[in-house]
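Derivation of every value follows stated rules applied to the coordinates shown; laboratory data play no part. Keep in mind that what you see is a predicted model, and the values were worked out from it rather than measured. Glycine also receives a Cβ, built like all others from the backbone with ideal geometry; neighbour counts cover every protein chain displayed.
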Amino acid sequence: MRRTLPTSEEFVKGIRAGDRVVLGKAITLVESARSEHHALAQEVIGHLLARGDRAESLRVAVTGAPGVGKSTLIEALGTHITREGKKVAVLAIDPTSSLSKGS
């Protein structure tokens, strides 16, 4: 049985509400290669940007050889930030992965 995707309005409402499930589905939607997903993703992004949903955010990239402490650093930073009452999202990418080809 095929699951139906949320509408663009449902995506926008969920993202604005901080719904992690909806945010996860939105990330998957944006990464999808299917043309109908691309169109819906563009619609969702358009709705978010049209209303000025541009909260201040900090983006940090962490790189390094295996075993140098990247995950430990990310955990420490995340713990510190969440203790200040802020939200954290981590997008981990392995550019050497033959399975995901860098995602």
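Structure notes:
- When +1 charges are put on Lys and Arg Cβ atoms and -1 charges on Asp and Glu Cβ atoms, the dipole computed for the chain relative to its Cα centre reaches about 100 debye.
- Once both labels are positioned 7 Å from their Cα atoms along Cα-to-Cβ, the gap between Val21 and Lys86 label points is 2.9 nm.
- Acute angle (nearest 10 degrees) that the helix 35-50 long axis makes with the longest principal axis of the chain, alpha-carbon atoms: 80 degrees
- With Cα atoms, 0 to 90° folded angle of helix 20-31 axis to the chain main axis: 80 degrees
- Lysine pairs in the chain whose alpha-carbon atoms fall under 27 angstrom of each other, counting only those eight or more residues apart or on distinct chains, come to 10.
- Cα long-axis angle, helix 8-17 against the chain (0 to 90 degrees, to the nearest 10): 40 degrees
- Rough spin-label spacing in nm, given labels placed 7 Å along Cα→Cβ, for Ala76 and Glu36: 4.8 nm
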